[in-house]
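Below is one structure, written out as structure tokens; the observations come after it.
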Amino acid sequence: MKDTYDIAVVHGDGIGPEVCAAAVTVLRAAFGASSPLRFAEYPAGAEHYRLTGESFPKTSFEACRAADAILHGAAGIPGINHPDGTEAGLDFTLRLRFELDLFANIRPIRLLPGVRSPLRDVKAGDIDYVIVRENSEGLYSARGSGALLRSEVAVDTLVQTRKGIERCVRKAFELSRASNGAPSDGVRRVTCCDKANVLRSYAFFRAVFDEVARDDPDIASEHVLVDAMTMHQVLRPAHFNVIVTENMFGDIISDLGAATIGGVGLAPSAETGNDRGLFQASHGSAPDIAGKGVANPYGTILSAAEMLSWLGKTHEDVRLTEVAKRLQHSVSQTLPTCYLSHDLGGTTSTAEIVGQLCDTI
Ligand code: IPM
Ligand code: MN
């Protein structure tokens, strides 16, 4: 336990600053005058790149590395690109993942009360699983290093290591063990999502998964191919408890999962390594609605709650775990009282949602 925790706050682009400020306001309200959190803001993102030629200044990177946790809004503006055509605003997230070794991207997919799923006949509690997305290798490890030959041939390489797969799969089993199991049958179950029938790298992922699964025989394990997985997430989401998968697949199936629980605006994430963590919603910077006061802040606020539970667990500090629970509770009390943002079919502004959460926490 520490007296204070340094939180590096990086707003980013588009709606990033609005949702990030919303989360900080709610955190301040939750802790009151005796807050153990110390916030400091640092620049990064596409707009910063446009202005200065740097997407992620060294001082910001060092501050993130030194902080106890990093809270982020969202970054990236389509069209603000590196010479190779990739988006400059994404450097922030991607560099932190690789350089701080944030190997497990934990993405809870939970249908909360008051939110209408686009799926028929599902109610709050029926969808409640976690995607563990391998976050430090896979296809994304080619970022910045793929080859482009004569403007004719482009190559990106998918990398999977035994260590990388193993630590992520262990995290998945750990999360399953601590959970109540799948909503449909209460079974603690870890699903390996891969494409082992076609590619060697995914067959390797599956083989390492099976080795790790043998150490936890009391937790059910299974394999689902990624194409079938997209179908199951729509047709029988209640079957799942924890899903573990390669980086790129995790990116895709987490947006699909988010759609089933009301959209990416409600989906938090916790990108964690052994002693570092980055917390941001699963959504992007939505420049089309930026500055209008209508952005959905719930995803970032729920990510802030994930940050508190991770910090609380890492530092054995119940002050933080207790506020994390209060924050989650307050979100699930607020949503059913029609505090729905525009993306959720409501008319409530970002400020009204923040006000309500601050009053009720
Ligand atoms: C996500 C985002 C990122 C990704 C971007 C911001 C680099 O889509 O966290 O899911 O592609 O992983
Ligand atoms: Mn994504």
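The values are calculated or read from the model by the stated rules, or taken from the named source; none is laboratory data. The model shown is predicted, which means the values in this text are computed figures rather than measured ones. Counting neighbours? That spans all protein chains shown, and the Cβs are built from the backbone with ideal geometry, glycine included. Surface areas here come from the heavy atoms of the whole protein model, side chains and all, with no ligands, DNA or RNA. Shrake-Rupley method; radii C 1.70, N 1.55, O 1.52, S 1.80 Å.
Worth pointing out:
- Identity of the residue in the range 337-361, of a type in the set (S, T, Y) and either open to solvent by 70 Å² or more (accessible area, probe 1.4 Å) or assigned to a helix (DSSP H, G or I) (or both), that ends up farthest from L266 (Cα to Cα): T360
- Selection status of I253, assigned to a helix (DSSP H, G or I), within 16 Å of ligand 1 (Cβ to nearest atom) and touching a residue at least 40 places away in the same chain (Cβ under 8 Å): yes
- Test: residue in the range 75-96 that is open to solvent by less than 30 Å² (accessible area, probe 1.4 Å), closer than 24 Å to C358 by Cα, at pLDDT 95 or above and not charged (D, E, K, R): no
- Residues (open to solvent by 10 Å² or more (accessible area, probe 1.4 Å), outside any helix (DSSP H, G or I) and small (G, A, S)) located in the range 56-73: A67
- Extreme residue, farthest from ligand 1 (Cβ to nearest atom), among residues of the range 286-310 that are among the hydroxyl-bearing types (S, T, Y) and open to solvent by less than 10 Å² (accessible area, probe 1.4 Å): Y298
- Subset tally (residues that are outside any helix (DSSP H, G or I) and either outside the structural domain of C193 (by TED's automatic domain parsing) or away from ligand 1 (no atom under 16 Å from the Cβ) (or both)) for the range 216-243: 14
- Residues being open to solvent by 60 Å² or more (accessible area, probe 1.4 Å) and in a strand (DSSP E or B) are entirely absent from the range 181-190.
- Selection status of T161, among the hydroxyl-bearing types (S, T, Y), within 23 Å of the chain's Cα centre (by Cα) and outside the structural domain of K313 (by TED's automatic domain parsing): yes
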